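The values are calculated or read from the model by the stated rules, or taken from the named source; none is laboratory data. Since we're looking at a predicted model, the values are computed, not measured. A quick note on method: Cβ atoms are made from the backbone with ideal geometry, for glycine too, and the neighbour counts reach across all protein chains shown.
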Amino acid sequence: MAERRFRIGYALADKKQQSFIQNSLVSLAESRGIDLVRVDADRPLVDQGPFDCVLHKLYGDDWKAQLRDFERKYPNAVILDSPDAIERLHNRISMLQVVSELKIEHQNETFGIPKQIVIYDKETLLDRLAWESLKFPVIAKPLVADGSAKSHKMALVYNHEALNKLKPPIVLQEFVNHGGVIFKVYVVGNYVRCVKRKSLPDVEDKLDFSKDLLSFSQISNLAANERIDDKYYEMMHLGDTEMPPQSFLTDIARGLRHALKLNLFNFDVIRDSRFGNRYLIIDINYFPGYAKMPNYESVLTDFFCDTVYNKQKDRTVKGPDEKVCSEISVLDQCQMHSYGEDMRKIISNTCSDEDEGSLPVSPFHMEEKENSVQV
Ligand SMILES: Nc1ncnc2c1ncn2[C@@H]1O[C@H](COP(=O)(O)OP(=O)(O)OP(=O)(O)O)[C@@H](O)[C@H]1O
Ligand SMILES: O=P(O)(O)O[C@H]1[C@H](O)[C@@H](O)[C@H](OP(=O)(O)O)[C@@H](OP(=O)(O)O)[C@H]1O
Ligand SMILES: [Mg+2]
Ligand SMILES: [Mg+2]
């Protein structure tokens, strides 16, 4: 049988494209039957298909209309992710509202979001009554989180007088001491990986009144060519900080993924130093800098295979026998190169009479890696 290859079109801003589409990713995907194809933003998307999947991080009504046209012409293609679902993350209030919808109970850990209010105008900003429920210091964040440099400009505000320097619409969020370490939890479909990053240092109980405001931007970010590894932890003195329990993060990730209807995002978590087992989610980002994540090439390639393979499976379901065979032919092409004999055995077991329709569980994720799990 001729090899069936899959085409994934990617539509990304230049900076994102440079950091994400690395040769190592392209060649691994290629070896598993997936061609990553650049979408030319100057031509209609609909003229550039067919794609089995479109991966995108572009904004605006024109782009949304292009995606709709594309979906009409290629109803079987997967759009990663839906623009409406992504849009929820463009507002720092709706972004975190979803956290309170999650129903997750863990024996030892609890989670939530910091106390926060939204201020739309200068008048309300200076009205002490409007935000008397908050304690200084607070972090002022632009309400809009649309990927622009402006949307990352924040300020740690120490007192009421400093509020005058802020430009609404903003979110005022209580600053919570957390030991200067932030946990970034990357989600790629059902894969979840937590890493540590340096964060703002704790503030003293007694506020230093000589300060009124400290501006900062992307304090926990890394340059595009940096990766999280032991060297980074050593340099930032993060080695000793204990990770939150993986099962706890996995449950939150699964909850967020379903509530947000998104596959590709990360969320920032801090551990409230006052309690030690209370975690606060402070930020959720669509399609973050995955290339900074360890093993990003294999994690993303596994996910691409899962995505196009599942889609193909949906399309080919007919009778039980035929279903198994069509599943295997696609799986065969997508996986055999990398898993060789072990995978052949699993597949031939799947073809046995007792097990008509089902595939081996998670054929794409054979090894359990530290600090990462499937949800
Ligand atoms: N409520 C808070 N309490 C303490 N520190 C906070 C709080 N909110 C944010 N921070 C600190 O400020 C940084 C930036 O905040 P946030 O993650 O909301 O901004 P962002 O610009 O959206 O970040 P990213 O680059 O991840 O998109 C965090 O990484 C953390 O160090
Ligand atoms: O370009 P916008 O929409 O602003 O999104 C950013 C996110 O806010 C950041 O969280 C990403 O960096 P991290 O992956 O380090 O979180 C950051 O990753 P990048 O620095 O690789 O572009 C961006 O994805
Ligand atoms: Mg953040
Ligand atoms: Mg953010």
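The C-beta contact set for the stretch 106-133 (first residue surrounded by 13 or more Cβ atoms within 10 Å (Cβ to Cβ), second residue among the hydroxyl-bearing types (S, T, Y) and in a loop (DSSP other than H, G, I, E, B), distance under 8 angstrom, 6+ apart or interchain) comprises K115/S133; I117/S133. Against the test of being of a type outside the set (V, I, T), at pLDDT 95 or above and either surrounded by fewer than 20 Cβ atoms within 10 Å (Cβ to Cβ) or out of contact with any Leu (no Cβ under 6 Å at 6 or more places or on another chain) (or both), the options H258, H237 yield a single qualifying residue, H258. Taken over the stretch 149-168, the criterion of being buried (at least 16 other Cβ atoms within 10 Å of the Cβ) and either of a type in the set (S, T, N, Q) or more than 14 Å from ligand 3 (Cβ to nearest atom) (or both) is satisfied by S151, A155, L156, V157, Y158, A162, L163, L166, P168.
I need the full set of residues from the stretch 5-23 which are surrounded by 13 or more Cβ atoms within 10 Å (Cβ to Cβ) and either over 20 Å from I79 (Cα atoms) or aromatic (F, W, Y) (or both), in order please. Listed by number, the residues that qualify are F6, Y10, Q18, S19, F20, Q22.
Taken over the stretch 138-148, the criterion of being over 13 Å from L166 (Cβ atoms) and more than 8 Å from ligand 2 (Cβ to nearest atom) is satisfied by V144 alone.
When we screen D240, D230, D146, D251 for residues that are among the acidic types (D, E), away from ligand 3 (no atom under 16 Å from the Cβ) and in contact (Cβ under 8 Å) with a residue 12 or more places away in the chain, the only hit is D251. Scanning the stretch 86-102 for residues that are touching a helix residue (DSSP H, G or I) at 6+ places or on another chain (Cβ under 6 Å) and among the small types (G, A, S) yields one hit, S94.
When V192 is tested against (1) β-branched (V, I, T); (2) away from ligand 1 (no atom under 13 Å from the Cβ); (3) outside any strand (DSSP E or B), only condition (3) is not met.
Residues checked against (1) within 16 Å of ligand 1 (Cβ to nearest atom); (2) under 30 Å from L143 (Cβ atoms); (3) touching a strand residue (DSSP E or B) at 6+ places or on another chain (Cβ under 9 Å):
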site: N277; (1), (2), (3): no, no, yes
site: I284; (1), (2), (3): yes, yes, yes
site: A291; (1), (2), (3): yes, yes, no
site: N295; (1), (2), (3): no, no, yes
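Checked against the criterion of being assigned to a loop (DSSP other than H, G, I, E, B), within 16 Å of ligand 4 (Cβ to nearest atom), under 21 Å from the mean Cα position of the chain (by Cα) and on the phi < 0 side of the Ramachandran plot, the candidates N221, N225, N285 yield just one match: N221.
Whenever a residue of the stretch 285-301 is touching a residue at least 60 places away in the same chain (Cβ under 8 Å), its partners that are within 13 Å of ligand 3 (Cβ to nearest atom) and part of a loop (DSSP other than H, G, I, E, B), lying with C-beta atoms within less than 7 angstrom and at least six residues away or across chains, give the pairs K292/L222. Mind checking whether some residue in the stretch 84-106 is part of a loop (DSSP other than H, G, I, E, B) and either among the polar types (S, T, N, Q) or closer than 30 Å to F51 by Cβ (or both)? The answer is no, given that none of the residues of the stretch 84-106 is part of a loop (DSSP other than H, G, I, E, B) and either among the polar types (S, T, N, Q) or closer than 30 Å to F51 by Cβ (or both).
When each of F70, F136 is tested for being surrounded by 19 or more Cβ atoms within 10 Å (Cβ to Cβ) and either within 16 Å of ligand 4 (Cβ to nearest atom) or not basic (K, R) (or both), the lone residue that passes is F70. Each residue in the stretch 148-170 was checked for being within 12 Å of ligand 4 (Cβ to nearest atom) and touching a helix residue (DSSP H, G or I) at 6+ places or on another chain (Cβ under 8 Å), and 0 pass. Checked against (1) of a type in the set (A, V, I, L, M); (2) more than 14 Å from L96 (Cα to Cα); (3) within 15 Å of ligand 2 (Cβ to nearest atom), M235 passes all but a single condition, namely (3).
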